[in-house]
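The values are calculated or read from the model by the stated rules, or taken from the named source; none is laboratory data. Everything numeric here is computed off the predicted structure, so don't read it as measured data. Cβ: placed from backbone, ideal geometry, glycine included. Neighbour counts: every protein chain shown. Side chains included, ligands, DNA and RNA excluded: accessible areas come from the protein's heavy atoms. Shrake-Rupley method; radii C 1.70, N 1.55, O 1.52, S 1.80 Å.
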Amino acid sequence: MNAIQSLPNSQFSSVYGPVKSWRFGRSLGIDPIGMVSTCSFNCVYCQLGNIQKQISQRQIFVPTAQIIHELQAIAWENIDVVTLSGSGEPTLALNLAEILAAVKKVTKLPTIVLTNSTLLGDRTVRSALKLADIVVVKLDAISANQLQRINQPVAEIDLADILAGIEQFRQEYQGFLAIQTMILSPWKSDMVRDYIQMLERLKLDEIQLNTPSRPRVLVRQLDARGNNITESSSYVCQNLRCVSADVLSALARQIHTATKIPVRCPPKTSL
Ligand code: SF4
């Protein structure tokens, strides 16, 4: 069987949700990637399951006109924000700028992009992201080894380039820039120290610490992009290791004390 199991096109809608987000309220999702999950990472905790297509070259996956058409059918009363994320890394979509401009025009709501930070070295990606009100950049790894273990990137991506890309973007971007870090196991003190040093370089508005809290599907399911896979789902899932709320909260306190940057965690642990 082909490793890429495409779902029938009739099942694909580029707009999904709204999803209840602990960070942003009721968030309508826009998926600029499409039927085949596509990313420059293949994170061990990815809610989409194993990434089907790992690339770092940008291309158009979903035509902007299709997204606009679907947005026009939405009732907006119960939506706080619009988030670009979906079936992989949204900055891989070559029409990202066009999509963000169209979303703003149609919805007039705050727009958010969740990115894995790997393409921020590309000037055209940074320029597209400037159209978003909030950008959340992923940084899970403090060392090259951790990057390989947790994020499993395509060959040409390394940690130094990711950090340089985030730093460059911060210098150019006037909007709200948050970093998101997934904590899979308790951190040793030298990791916390190195992370804090990295944060001092990046001049962020907010730090978001998270830990996997839902089962992870093993085979691609379109439903998985909406964060609604639960233990009672009929899909074949893997339960992920995660740290306790107390561990997350203690780490958040330590980082906040050192950096003075607001640190948010899933409910009950925000500072
Ligand atoms: S960056 Fe996001 S979409 Fe890509 S593999 Fe990691 S969690 Fe999944």
Kindly list the number of the only condition in (1) within 27 Å of Asp223 (Cα to Cα); (2) open to solvent by 30 Å² or more (accessible area, probe 1.4 Å); (3) touching a residue at least 40 places away in the same chain (Cβ under 8 Å) that fails for Lys130. (1)
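Yes or no, residue by residue, for (1) touching a Phe, Trp or Tyr at 6+ places or on another chain (Cβ under 8 Å); (2) more than 18 Å from Ala132 (Cα to Cα):
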{"site": "Ile60", "(1), (2)": "no, yes"}
{"site": "Ala75", "(1), (2)": "no, yes"}
{"site": "Leu84", "(1), (2)": "no, no"}
{"site": "Glu89", "(1), (2)": "yes, no"}
{"site": "Ala93", "(1), (2)": "yes, no"}
{"site": "Leu100", "(1), (2)": "no, no"}
Residue among Val36, Val44, Val19 that alone is open to solvent by 20 Å² or more (accessible area, probe 1.4 Å), at pLDDT below 90 and within 16 Å of the ligand (Cβ to nearest atom): Val19
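For every residue, the table says whether it meets (1) modelled with pLDDT of 95 or more; (2) touching an Asp or Glu at 6+ places or on another chain (Cβ under 6 Å); (3) among the hydroxyl-bearing types (Ser, Thr, Tyr); (4) open to solvent by 70 Å² or more (accessible area, probe 1.4 Å).
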site	(1), (2), (3), (4)
Arg170	yes, no, no, no
Phe176	yes, yes, no, yes
Val192	yes, no, no, no
Glu206	yes, no, no, no
Arg216	no, no, no, no
Leu222	no, no, no, no
Asn227	no, no, no, no
Arg241	no, no, no, yes
Ile255	yes, no, no, no
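Applying the selection to the stretch 157-168, what residues are of a type in the set (Val, Ile, Thr) and either open to solvent by 20 Å² or more (accessible area, probe 1.4 Å) or not in a helix (DSSP H, G or I) (or both)? Even if it seems obvious, please write down each step before you answer.
To start, the set of residues in the stretch 157-168 that are of a type in the set (Val, Ile, Thr) comprises 157, 162, 166.
Across the stretch 157-168, the qualifying residue is only Ile157.
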Failed condition for Arg58, given (1) open to solvent by 20 Å² or more (accessible area, probe 1.4 Å); (2) under 30 Å from Pro267 (Cα atoms); (3) out of contact with any Ser or Thr (no Cβ under 6 Å at 6 or more places or on another chain); (4) within 16 Å of the ligand (Cβ to nearest atom), with all others met? (2)
Out of Ile99, Ile112, I need the residue that is touching a residue at least 60 places away in the same chain (Cβ under 8 Å), away from the ligand (no atom under 16 Å from the Cβ) and outside any loop (DSSP other than H, G, I, E, B). Which one? Ile99
Restricting the search to the stretch 69-85, which residues are of a type in the set (Gly, Ala, Ser) and open to solvent by less than 30 Å² (accessible area, probe 1.4 Å)? Ser85
Which of the residues that make up the stretch 194-204 are modelled with pLDDT of 95 or more and not in a helix (DSSP H, G or I)? Leu204
Positions within the stretch 136-156 being outside any loop (DSSP other than H, G, I, E, B) and away from the ligand (no atom under 14 Å from the Cβ), in sequence order: Ala144, Asn145
